[in-house]
Amino acid sequence: MNPWTDWVKQIQAIAQAGQTYTKDKYDQERFDQLSELAKQMFAQLSSAPIEQIKQVFIPETGYPTPKIDLRAAVIKDNKILLVREREDNRWTLPGGWADVCETASTGVMREVEEESGYIVDNPRLIRIKDRAVHDYQPEYPFHIYKLFFLCDLVGGEAKENLEVSEIGFFAIDEIPPLSSGRTSMDDIHTAFKHFNQAGLAVIVD
């Protein structure tokens, strides 16, 4: 983990908090400059064009808090559900950003249906990861918590969509290339472990 990336995130968080709470127009300009500086620093760290970096930064106001990424583990016949993202042509557990005014359990069930066409219920939290301390790539200029749920398959059928080009169930020894920013083999192993050993404690970073 590159400490410079963490420092950029902290600078951006300080800038965002300042932009939200300051009542002085000169301080507002300084916090705007600080936010721009954070974007330029991240562009240098990632060797990406500044305009591309600005698109990665999620525009928001208010006190900066981590984003929540919901992921579902759905296992049938000892095979796990994966979807193939059109963005990078690689596979991941179905999931995405948590929505405002929606519980995490409702959100993860919604994501499974939207991304795969399958309907699930009974989501059980099995893992909370701080994305920054694990080997997910690429790094993002904002902080993310990843919540993993084990869900029961109850219906539906595979259905491709604008984000997903392919849907399938895979045994643990036949996992296809994973989308490294979304899902890791550690996530897959954790899902199977909780599926095979009911009652395990939730693992939290």
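Take residue 168 and tell me if it is of a type outside the set (A, V, I, L, M, F, W, C), loosely packed, with under 15 Cβ neighbours inside 10 Å and assigned to a strand (DSSP E or B). So residue 168 does not fit the description; no.
Tallying residues that are touching a strand residue (DSSP E or B) at 6+ places or on another chain (Cβ under 8 Å) and either over 22 Å from residue 77 (Cβ atoms) or free of Cβ contacts under 8 Å to residues at least 60 places away in the same chain (or both) within the range 178-202 yields 5.
Can you find even one residue in the range 63-85 that is modelled with pLDDT under 90, surrounded by 12 or more Cβ atoms within 10 Å (Cβ to Cβ) and of a type in the set (Asp, Glu)? No, there is no match, as no residue in the range 63-85 is modelled with pLDDT under 90, surrounded by 12 or more Cβ atoms within 10 Å (Cβ to Cβ) and of a type in the set (Asp, Glu). With respect to (1) modelled with pLDDT of 80 or more; (2) of a type in the set (D, E, K, R); (3) not in a helix (DSSP H, G or I), the lone exception for residue 60 is condition (1).
Is it the case, given these coordinates, that residue 153 is surrounded by 13 or more Cβ atoms within 10 Å (Cβ to Cβ) and touching a Phe, Trp or Tyr at 6+ places or on another chain (Cβ under 9 Å)? Criteria met by residue 153.
Filter the range 1-51 down to the residues that are outside any helix (DSSP H, G or I), among the hydroxyl-bearing types (Ser, Thr, Tyr) and surrounded by 13 or more Cβ atoms within 10 Å (Cβ to Cβ) and list them by number.
Initially, the range 1-51 is screened for residues outside any helix (DSSP H, G or I), giving 1-2, 22-24, 47-49.
Subset that is among the hydroxyl-bearing types (Ser, Thr, Tyr): 22, 47.
Across the range 1-51, the qualifying residue is only 22.
Might you let me know whether the range 89-102 holds any residue that is in contact with a helix residue (DSSP H, G or I) (Cβ under 7 Å, 6 or more places away or on another chain), part of a strand (DSSP E or B) and in the same structural domain as residue 167 (by TED's automatic domain parsing)? Looking for residues that are in contact with a helix residue (DSSP H, G or I) (Cβ under 7 Å, 6 or more places away or on another chain), part of a strand (DSSP E or B) and in the same structural domain as residue 167 (by TED's automatic domain parsing), one finds at least one in the range 89-102, hence yes.
If residue 189 satisfies every condition in (1) in contact with a helix residue (DSSP H, G or I) (Cβ under 6 Å, 6 or more places away or on another chain); (2) closer than 30 Å to residue 5 by Cα; (3) surrounded by fewer than 17 Cβ atoms within 10 Å (Cβ to Cβ) but one, which is the exception? Tallying (1) in contact with a helix residue (DSSP H, G or I) (Cβ under 6 Å, 6 or more places away or on another chain); (2) closer than 30 Å to residue 5 by Cα; (3) surrounded by fewer than 17 Cβ atoms within 10 Å (Cβ to Cβ), residue 189 fails exactly one: (1).
The values are calculated or read from the model by the stated rules, or taken from the named source; none is laboratory data. Bear in mind the structure is a predicted one, so any value in this text is a computation, not a measurement. Because the Cβ atoms are built from the backbone with ideal geometry, glycine has one as well, and the counts that use them run over all protein chains shown.
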